[in-house]
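Working notes, beginning with the structure itself.
The values are calculated or read from the model by the stated rules, or taken from the named source; none is laboratory data. This structure is a prediction, so every number in the text was calculated from the model and none was measured. Here Cβ is always computed from backbone atoms with ideal geometry, including for glycine, and neighbour counts include all displayed protein chains. We work out accessible area using only protein heavy atoms, side chains counted, and drop any ligands, DNA or RNA first. Shrake-Rupley method; radii C 1.70, N 1.55, O 1.52, S 1.80 Å.
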Amino acid sequence: MQNFKSQIVESGKRMLSEGLTVATWGNISIVDRENGLVYLTPSGMPYASLTTSDIPVLTLDGKVVEGTRKPTIEKDLHLGIYNNYDYAGAVVHTHPKWSMIFATIGKDIPLICDEAAQILSGEVKCAHYALPGSKELANECIKALKNANACLLQSHGTVCVGRNIDDAFSVATVLEYTAELYYKILSMGEKPHELKKEDIEYMYEFVHTKYGQK
Ligand SMILES: [Zn+2]
């Protein structure tokens, strides 16, 4: 059986070490579809010192079934994603620098390079503004995720969805990489070459069905 609590603890450290967040910002969750349970990071605790006993476990309708820590204030956003998107197995919410630039100005991030096309399933939309932790933010985020497996939250951060936690980290890493490239291209006064829709679909499909050793 997978140890989802350890995966959350390790992922918190990974989010810090990979520069995807600072301090206690951001949050992570993993869903166990078989048992209908969601494992989340606790609210406002430093990632470096988290242990498995700090990880709250909730049902998909939000009842706490295990743990004494308060779950992340963005629990409705995480639960909403699992309840709306069957493919979702893990969610990483971060506030990384380059993506934040686009989130603050409310600008969508297009798929400007092959890596983006292979890992992000569509143009990354910026959700309308709503207060952190609100049901409205969860709803706006779910709407923006109709377009891709990642979105921006206006003036706040990113939400990256994967089939599992490694996949969610790939989405988060490639989104931040793409945002940095896009920022620099725009700063040069240039425009990226536009990838064709059919090429984007081909690359995404290829990477998810034929690439690698499996
Ligand atoms: Zn946040």
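Points worth noting:
- 14 Å beta-carbon shell around K97, net charge (K/R +1, D/E -1): -2
- Residue among V174, V65, V38 with the largest mean-square fluctuation in a Gaussian network model of the chain, springs linking Cα atoms under 10 Å: V65
- Gain on full extension, evaluated as 0.36 nm per residue between H208 and N84 minus their Cα-Cα distance, stands at 42.5 nm.
- Formal net charge of residues neighbouring C151 (Cβ-Cβ distance under 11 Å; K, R +1; D, E -1): 0
- Cα→Cβ-extended label distance, 7 Å offset, between S6 and R163, nm: 2.3
- Summing charges over all other residues whose Cβ lies under 12 Å from the Cβ of V161, with Lys and Arg as +1 and Asp and Glu as -1, gives 0.
- For the stretch 1-122, the solvent-accessible area of protein heavy atoms averages 45 Å² per residue (probe radius 1.4 Å; ligands and nucleic acids excluded).
- Anisotropy class of the stretch 145-214 from Cα gyration tensor, a/c 1.5 cut: oblate
- Fraction of accessible area attributable to carbon and sulfur, the stretch 121-182 (%, probe 1.4 Å): 50
- The phi torsions of the stretch 39-56, fed into the Karplus equation with coefficients 6.51, -1.76 and 1.60 and a -60° offset, translate into couplings of 9, 10, 6, x, 6, x, 10, x, 4, 4, 10, 5, 10, 4, 6, 8, 8, x Hz, rounded to whole numbers, with Gly and Pro shown as x.
- Residue-span extension gain [K146 to E201] - 0.36 nm each, minus C-alpha spacing: 18.2 nm
- For the stretch 1-134, size of Cβ-based charge dipole, Lys and Arg +1, Asp and Glu -1, in debye: 400
- In nm, spacing of pseudo-spin labels at E190 and H128 (7 Å Cα→C-beta vector): 3.7
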